[in-house]
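Here is the structure we will look at.
Rule-based calculations on the coordinates, nothing more; no lab input. In this text the structure is predicted, and so the values were computed from the model without any measurement. Neighbour counts run over all protein chains shown; Cβ positions are idealised from the backbone, glycine included.
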Amino acid sequence: MDPQPKVTLVEILVVVAIIALVGMLAAVAVGSARSKERDATRLSNVRQIQSALEDYFNENNAYPEGEALPLGDSAQSACLGITGFHADCSTETATIIRVVPRTYESGLPGKVTCGNPARKAFCYSLLSEGNAYAIQFELENALPGAGLQKGVNCAVPGKMAAGACQ
């Protein structure tokens, strides 16, 4: 008869340590993936807003009014109609974008805030007497391929750039 091998306490502790290490690495990977997914959503939302603003410009030959306007705010800028940003576009004769996307606040340290009370947001401002605009927004991660940095970035007609809006 072969004697049964005995498992020592050290072997059990090594197995538990390996399982804990693998679990910790998996948690870090999932957190990083979620952060990148939130940034992808933010960028998609900014591009959608830029497209709507170009449609507005084509209709009005100017961009909509706004100064440090938190986009997607239910009291001021929930939708974009033919006459500008509104809390409700139900009375508008034409709606350009029925729901203006808000920033995904989770994961942001709050370097970009606007509105009253101040909150994390896509912050829109009209520039150059209606011929340009700036949307200041924040990302959790740098996106070198898109020329964007971790933290504050700026969207203007036709492009996005790293850093605060000028």
**OP:** Only helical DSSP H runs with n ≥ 4 go in: add -39500 (n - 2.57) per run for the chain, normalise by residue count and round the 222 nm mean residue ellipticity to 500 deg cm²/dmol.
**Re:** -12000 deg cm²/dmol
Original post:
On full extension of the chain, what length is gained from Y104 through L13, given 0.36 nm per residue of separation minus the C-alpha to C-alpha distance?
Top reply: 28.6 nm
Original post:
So how do T8, T103 line up by other beta-carbon neighbours within 10 Å, fewest first?
Top reply: T8, T103
Original post:
With labels modelled as points extended 7 Å from the Cα through the Cβ direction, what inter-label distance (nm, one decimal) is found for A20 paired with D55?
Top reply: 5.5 nm
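Give me S77, S51 sorted ascending by neighbouring Cβ count inside 10 Å, so fewest comes first.
Listing S77, S51 from fewest to most nearby Cβ atoms yields S51, S77.
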Original post:
Cα-based count: Lys pairs in the chain below 25 Å, eight or more positions apart or different chains?
Top reply: 10
Original post:
Which net charge results for the neighbourhood of R34, defined as the other residues with beta-carbon distances under 15 angstrom from its beta-carbon, given Lys and Arg at +1 and Asp and Glu at -1?
Top reply: -1
Subject >> Which of F57, F85 has the fewest Cβ neighbours within 10 Å, and the rest in rising order >> reply: F57, F85
